[in-house]
Amino acid sequence: MRLWTSARVGRAAWAPRVLTLALAACGLMGAAAPSAHAADGGIMDAREAWRVKDKARLTALRDALVADRHPLAPWADHWLMQLRMGEVSVAEVDDYLARWGTAYVADRTRNDWLLELGRRRDWANFLRVQSGFRMNDDREVQCYSLLARKQLGQPMEAAGDLREQARQAWLAQKDADVGCDAMAQALFSAGVLTQADVWRKLRIVLDNGQPRAVTQVARMLGDNS
């Protein structure tokens, strides 16, 4: 289940239900989390600060929740990281991921960070971070991964047949996105993807009524379309 990532439409709609269940779980923890009840209002306030994009208030609430050792403090940290994703440094995200270890929410932040690293074209850090992406459930991340391998000059064998993986990821893309378009453009220019692949993709997006994807694919054909 994909939660809280602003780049994915509709995830925020799950927020009230998830928080309600999570807070109920905290209530069952009893003595294991003595400060949880007092801080429950803080996590809801933190979510509201995230919703209205109030970085300063969310920072203060995150710090308080971490200090109180609230079991949902990682979510407040995740929301703050989301608001700062376009400006955050590699070192800051590394610290965040080390802080929350193997928590589910840390992997969701890792997903968002991989998309940002792809947009930044920071391929070395992308592949380093991706090695710890346990969920590995984002098609755009998969496309960026293939592009990263190509851009860093990894041999095709290392990608397990780069063309076939690229075709599968691109043809399965449900609608236009930045990562799969960037991968397809680069691999088509490099001759990894063929004109036949592009025509097949164009037929798929036309049949599925995906206008943004149609525009992306048609641009690749240029004068040959």
Residue list for region 94-123, filter: open to solvent by 20 Å² or more (accessible area, probe 1.4 Å) and under 26 Å from residue 171 (Cα atoms): 110, 116, 119, 120, 121, 122, 123
Condition check for residue 136: farther than 19 Å from residue 46 by Cα, of a type outside the set (A, V, I, L, M) and open to solvent by less than 40 Å² (accessible area, probe 1.4 Å): no
Pairs where the first residue, in region 64-79, is open to solvent by 10 Å² or more (accessible area, probe 1.4 Å) and the second is part of a loop (DSSP other than H, G, I, E, B), C-beta under 6 Å, 6+ apart: 68/35; 71/33; 74/103
Test result for residue 142, under 14 Å from the mean Cα position of the chain (by Cα) and farther than 30 Å from residue 52 by Cβ: yes
Hey, residue 186 in a helix (DSSP H, G or I) and under 23 Å from residue 120 (Cβ atoms) or not: yes
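The values are calculated or read from the model by the stated rules, or taken from the named source; none is laboratory data. None of the values given here were measured: they were computed from a predicted structure. All Cβ positions, glycine included, derive from the backbone under ideal geometry; neighbour counts span all protein chains shown. Calculation scope for accessible area: heavy atoms of the full protein, side chains included, ligands and nucleic acids excluded. Shrake-Rupley method; radii C 1.70, N 1.55, O 1.52, S 1.80 Å.
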